Every structure is written in structure tokens, then in C-alpha cells.
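All remarks here apply to the structure that follows.
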Amino acid sequence: MIEGTAFLELLERQRAGWTLEQPFYLDEDIFAFERDRWMSRQWMLMAHIAELPAKGSHIVRDLFNESIVIARAGDDDVRAYFNVCTHRGSRLCKADGRAPLLVCPYHAWSFKLTGELQSRADVPDGIDPADLGLHPVSVHLVEGLIFCALPSDALPDPAPAFDVLGPALRQHGIKRARIAARKSYPTNANWKLVLENAFECYHCRNAHPEYTNVNGHVQVTGMRDAAKAETWADEIAHWQKTITGADGFDMKHRDPGSLDRLSYSVTRHPIGRGRATLSRDGAPVSKLMGAFADYDGGETQFRFGRLSFASAANDHVTLVQIQPRSAQQTDMVLTWLVDADADPALDVEPIQWMWDVTTVQDKRIIEDNAAGIRSRAYRPGPYTALEGETATFVQSYRAEMHALVCDDAGVGG
Ligand code: FES
Ligand SMILES: [Fe+2]
């Protein structure tokens with residue numbers, strides 16, 4: 001573990017509006033601190049309820065380098081546990097499955113879906129079997145999305161954020177969706193580089209020709225051109241007139257969050273140029289979802305906490321999980337949702353196309369970024385006007401780390 005005073009000094013000499021010094025992107029000790037102190041306060045999107053179709057369904061996932069089991073114990077009752085048997089510590093579940101009890105492969109101790117030890121016959125006298133229940137992981141189920149967090153007294157209450165996000169999630173019919181596809185993009189880079197990249201579109205025109213072609217907003221987020229900005233503003237104004245309040249246009253909320261408050265945002269804009277959805281040519285790719293009676297050509301972007309995102313078009317939704325693995329490894333996991341009643345023979349390629357091609361490109365540019373940062377020549381560089389949100393993210397990271405280090409050292413933050 002990095003020594004507190006040294007870490008404090010390092011944090012305090014970072015310049016606002018500049019990228020971080022090399023250790024923040026490379027150092028395993030800093031990553032260990034982030035994992036133990038910062039990630040333990042983060043809610044992470046882990047699954048969609050369609051992955052747990054019936055009582056007894058369970059899935060094995062990784063949450064901040066801990067294997068966890070998420071189980072459906074009833075209709076709206078989703079539980080999660082550390083994947084650790086309370087007998088001698090064996091892994092409990094190896095793979096996704098369905099069973100009325102969770103049975104350890106080692107000595108066959110069995111646990112109820114609600115976590116209590118079921119097989120009590122072998123528990124030695126004088127030991128209360130009630131003390132041998134599975135170790136719970138925090139779960140928040142909202143509109144079919146399953147968020148998990150490592151148990152901690154310092155975990156923010158997710159309810160206020162999801163009260164705000166609920167109408168937009170319902171508008172998009174996320175609860176009654178099914179999974180069309182999932183793909184993981186293991187990326188050799190620190191998780192902060194992945195987020196720094198996600199929060200700016202300065203790189204879009206250069207790195208993402210397909211994304212730039214599809215998404216009208218790049219005229220503003222990807223370049224500084226007054227005439228183009230005006231054209232885009234006109235297009236938004238025109239689009240706003242064509243949609244109704246029921247389409248949820250007024251869903252524009254954000255909370256920057258803090259260590260104690262879940263950070264979130266939801267915003268909505270037209271895809272642009274008359275496109276109905278986020279496909280190659282803008283034409284529909286699946287059945288309309290949720291409350292949409294017709295295509296309005298909008299995209300809703302969600303951010304849940306610091307590490308989970310969604311992009312929702314009228315006929316499909318892309319969920320994004322950013323999973324830190326080590327100081328120099330991060331997984332980006334994308335899951336594409338369609339309506340539960342969408343054609344079972346649906347071709348998923350056109351649905352995946354835009355975010356897949358874009359994420360493959362992002363993986364490459366983020367890995368190039370990480371490779372350069374490993375050089376002895378690397379020095380922090382300045383964020384530009386089109387990287388404001390990235391600078392804001394780095395700023396909140398520094399503030400939160402600072403508070404955590406001061407907290408450890410027992411000094412005021
Ligand atoms: S370690 Fe699980 S039953 Fe023995
Ligand atoms: Fe990108």
C-alpha cells in the first residue's frame with residue numbers, strides 16, 4: 001500500500017486542467033488503494049434481469065476482482081453473495097445455472113437462495129448455523145438493471161438517483177428487454193484512461209469515422225466551428241418541435257455526485273440527419289421499445305455512478321460496464337438489449353454495429369495512450385476546450401482520493 005504522506009504529496013502537486021502524472025496510470029499500489037477505498041463506494045451495473053429468468057437462476061460475475069454470485073430468490077428478490085463457501089472457503093458456484101439451493105462442490109454444504117445455510121447436520125455442536133450464512137454483496141434492482149456494490153458502511157444510497165432516472169428507464173422499456181448480444185473488450189490501460197476517453201468527443205472525428213457520420217452532436221462535441229454549431233442548434237430546435245413530452249424530451253438531469261452521493265446523468269438529443277436509430281443508415285433495426293409509439297430519432301444517454309453507462313435508441317439499448325482489473329488492465333463490456341418480443345431470428349450485427357466499431361477503435365486509441373504514458377518522456381499535458389468533462393472527471397477523482405487519503409491519515413480533507 002502506498003504510504004499516506006507520499007500519496008498526499010503526489011495528489012496535491014497534480015495541476016487542475018492537466019492529465020495526471022504517470023503513477024496514477026501505472027502504479028499497482030495506487031490501484032490497490034483505489035480498489036480498497038474508492039471502488040468499495042461504487043455501485044456497478046452487473047447484469048440485466050433477463051439473465052436471471054426464473055427463481056433459482058444464478059450467475060457468476062466479477063465485481064472489483066471479487067467473484068460474486070447473483071441469484072434470483074423471488075420475483076423482485078435478487079440477492080448477491082461473495083462466491084465463497086462459509087465452511088472452508090471454497091468457490092461456491094463455477095458457472096451460471098439454476099437450482100433451488102446453492103451447493104458447494106467441495107463438501108456439499110447447501111445454501112438457500114436467501115443465503116442461509118440449509119444443510120445443518122454436520123455443523124459442530126455449539127456453533128450457531130445462523131452464523132454460517134453466505135456473505136452478502138449489496139444489490140439494487142431498478143427497472144430490470146442489477147447494480148451491485150461491495151458491502152460498506154460508506155456506500156451511497158442509490159435510491160435518490162434512480163428516482164430521477166426511473167421515468168427515462170421506463171420510457172425505454174429496459175425492464176422488459178432481452179439480451180441480443182454481449183461483447184467484452186479487454187483493454188491494456190488504466191480505468192481512468194478509459195473514462196477520460198469516454199468523457200470527450202475531441203477524438204471522434206479523428207478516430208471514429210463511422211460514429212461521426214451517424215451522430216450529429218459531433219458537430220459541437222468534436223469540433224469548434226461556429227457555423228456547424230448553429231446548424232446543429234437549429235436541428236435540435238426542429239427536433240424538439242416534432243416530439244412530444246411523452247417522448248421524454250425533458251429528461252435532462254445530472255448530479256456530479258461525491259463520495260457519499262451517487263453521480264448520474266441522463267440527457268436526450270436527436271441522433272441527427274433524420275436518422276431513426278443508431279444504425280449504419282439510420283433505418284430501424286428492431287422492434288420499438290418501451291413507451292415509444294413511433295420513431296422519434298432520439299438517443300438517451302445514461303450514466304449510473306462512475307463506471308456504468310447506457311445509450312438508448314428507440315429500438316435498442318447498449319449497456320456499458322467499465323470494469324477495472326488492475327493498474328494497467330480494464331474490461332469494457334457492452335450488452336445490447338432489444339424488446340423481449342423482438343424477432344428471435346433478429347440479425348444482431350446491425351444492432352451492434354455502431355458501438356462495436358466505435359469501441360474497437362476506442363480500445364486501440366486508449367491502449368496507444370497507455371503505451372505512451374509508460375515512456376520516461378511522458379509528462380502531464382493540458383486538456384483542451386473540447387475535453388471539459390474529462391478535466392472535470394479527473395478533478396473529482398483527485399478531490400475524492402484526497403478526501404480518502406486524509407481520512408486515512410486522520411487529517412481534515
Ligand atoms: S468448503 Fe464448501 S462445503 Fe466444504
Ligand atoms: Fe471514442
For the chain, Cys with no neighbouring Cys Cβ under 4.7 Å: 93, 148, 406
Extension gain (nm, one decimal) between residue 347 and residue 12, 0.36 nm per residue minus Cα-Cα: 115.4 nm
Cα centre as origin, Lys/Arg/Asp/Glu Cβ charges: the range 175-276 dipole, Debye: 520 debye
Long-range lysine pairs (8 or more apart or interchain), the range 159-373, Cα under 21 Å: 8
Within the range 39-125, chymotrypsin sites (Phe, Trp or Tyr not before Pro) in DSSP loop having at most 13 other beta-carbon neighbours inside 10 Å: 106
Surface/4 of the Cα convex hull for the chain, nm²: 22.2 nm²
Kirkwood Rh (inverse of mean 1/r, distinct Cα pairs), the range 39-144, angstrom: 14.2 Å
Globularity ratio of the range 95-194, using Cα Rg and 2.2 N^0.38 Å: 1.52
Whole-angstrom gap from the range 274-324 to the range 87-156, using each part's C-alpha centre: 35 Å
Computed lengthening from residue 221 to residue 60, 0.36 nm per intervening residue step minus Cα-Cα distance: 54.1 nm
Extension reserve of the residue 119-residue 407 stretch, reckoned as 0.36 nm per residue once the Cα distance is removed: 99.4 nm
Normalised contact order of the range 286-366, rounded percent, pairs of Cα under 8 Å and 6 or more residues apart: 25 percent
Value of relative contact order over the range 159-373, rounded to a whole percent, pairs C-alpha under 8 Å and six or more apart: 30 percent
Label-point separation, residue 75 to residue 163 (7 Å along Cα→Cβ), nm: 2.4 nm
For the range 335-413, alpha-carbon Rg over 2.2 N^0.38 Å: 1.77
Where labels lie 7 Å past Cα in the beta-carbon direction, separation of residue 396 and residue 253 in nm: 1.5 nm
Sites residue 179 and residue 376, calculated FRET efficiency, Cβ-Cβ separation with R0 35 Å, nearest 0.05: 0.20
Per-pair calculated FRET efficiency, R0 = 41 Å: residue 234 and residue 50 via Cβ, rounded to 0.05: 0.55
Relative contact order computed over the chain (Cα-Cα under 8 Å; 6+ residues apart), in percent: 20 percent
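Every number in this text was worked out from the coordinates using simple rules, so none of it is lab data. Keep in mind it's a predicted model, so treat the numbers as computed, not measured. Neighbour counts are summed over all protein chains in view; Cβ atoms, including those assigned to glycine, are modelled from backbone coordinates with ideal geometry.
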